[in-house]
Amino acid sequence: MSVICALRRDGVWRELVAKKIDLYPVILAGGRGTRFWPLSRKRRAKQLLPLDGKQSMIQQTVKRLLPLAPASQFWIITNEDLRPAIVKQLPKIDKRQVLAEPVGRNTAPAIGLAAFLLLRKNPDSVIGLFPSDHVIGDEDRYRETVRRSVELAAAGRNIVVMGIRPSRPETGYGYVEAGATFDANALRVRRFTEKPDAERAAGFLAAGNYFWNSGMFLWSAATLANALREHLPKTAAILEEIAGAFGTRKFEATFRKLYPKCENISVDYAVLEPRSAKGEERSNLFCLPADFGWNDLGSWTALHEHHSAKRVTEDRNVISSEGSFVLNARGNYIHAPGKFVAAVGVDDVVVVETEDALLITTRGRAQDVGKVVKYLDDKKLAKLT
């Protein structure tokens, strides 16, 4: 990006000093979003759905990052089922930079491939790893946090995670334990912790130095490539060979042949945990505490909470329909476009209707919706998945 990038937000022009740092956003957009069945399907996963406005989740993700990097610097990692729809939804992104994994191999090979691709082009460029399906409430504060993270990642062999200040003892997220203060914005990382039980989560909240792991990381291409060479050498060698074929006729065949040989492992396990084991003074791991209205919308329950918080209605019903009647009904999420909905004497239910399926569950059991998709897969009912 240019030294000064003029950007417009809500009719107001501002200048962002970028200190000659190139940010390359890499957006992970694979997966099926099974907990959002029946709306989410193999070829129309959660990130392609307009769950929080008129634009899809991935369109919103790209839009909020465009002020920080031109479209030519975006890379999307997805799968073969979703690539056609993503290319269609994101016409400004070079379709050659929308890569479809031949098989899913988790986040380490996906972001690692981007690192080796960019290493050949600009080893000092900063890669930002961003999920495609999160909600951000305060986009200006979000971009400011990303900008600070980019500067820290570019200042050395640093790995930066954006940590979300916890508002409750959440058991559905991984946590980052912060250590000593590094500067006015960042803390050193002591360790990464997997999803805790309720008791440990309450302890994390009370301690005050634990943050939700947002899944958003920043590092230079060289830093990530070298970390993979150190901690995941076999996969690193494979990815480097694949990257070497990019832009040639051999790329697709090389990608299909070699990528399945990569280890199936997350970047957290592959790089972050072994790096944190070096100790907070030697790991070059940093956490930027963030508070910009983040929500990963992990289930119908989370989507209900997100929308009901914005509407601030007494009955906390969220109903998408042609019209509705509500009597003694509270805390429901009902999606039935084009239908008249009557909710009478029911509380905390989730009802989602599509042309070929109907989901009925409770907000308390919405995390189990993915089991429906497993059943459909087992029964080979592909038209419903």
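The values are calculated or read from the model by the stated rules, or taken from the named source; none is laboratory data. All figures in this text were calculated on a predicted structure; none of them were measured in a lab. Neighbour counts run over all protein chains shown; Cβ positions are idealised from the backbone, glycine included. For accessibility, only protein heavy atoms count, side chains too; no ligands or nucleic acids. Shrake-Rupley method; radii C 1.70, N 1.55, O 1.52, S 1.80 Å.
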Output the pairs from Lys42/Lys379; Lys195/Lys374; Lys54/Lys380; Lys88/Lys380; Lys339/Lys383 with a Cα-Cα distance over 26 Å in this structure; if there are none, say none. Lys54/Lys380; Lys88/Lys380
Would you be so kind as to identify which of Leu224, Phe192, Val160 lies farthest towards the positive end of the dipole of the range 132-261, taking Lys and Arg as +1 and Asp and Glu as -1 on Cβ and the Cα centre as origin? Leu224
Given the options Phe340, Tyr269, Ile238, identify the residue whose Cα lies farthest towards the positive end of the charge dipole of the chain (+1 on Cβ of Lys, Arg; -1 on Cβ of Asp, Glu). Ile238
Computed helical MRE - 222 nm, the chain, DSSP H runs ≥ 4 contributing -39500 (n - 2.57), nearest 500: -8500 deg cm²/dmol
Checked against the positive end of the charge dipole of the chain (+1 on Cβ of Lys and Arg, -1 on Cβ of Asp and Glu, about the Cα centre), the farthest of Val135, Val150, Gly331 is Val150
12 Å beta-carbon shell around Gly370, net charge (K/R +1, D/E -1): +4
Taking Phe325, Phe192, Phe74 and ranking on accessible area (1.4 Å, protein atoms only), highest first, one gets Phe325, Phe192, Phe74
Once fully extended, how much extra length lies between Asp377 and Ala277, figured as 0.36 nm per residue of separation less the alpha-carbon to alpha-carbon distance? 32.1 nm
Within the chain: Cβ-based charge dipole about Cα centre, in debye rounded to nearest 20 (Lys, Arg +1; Asp, Glu -1): 1140
Check: the range 247-299 dipole with +1 on Lys, Arg Cβ and -1 on Asp, Glu Cβ, in debye: 640
Antiparallel bridges, percent of DSSP beta bridges restricted to the chain (to nearest 5): 50
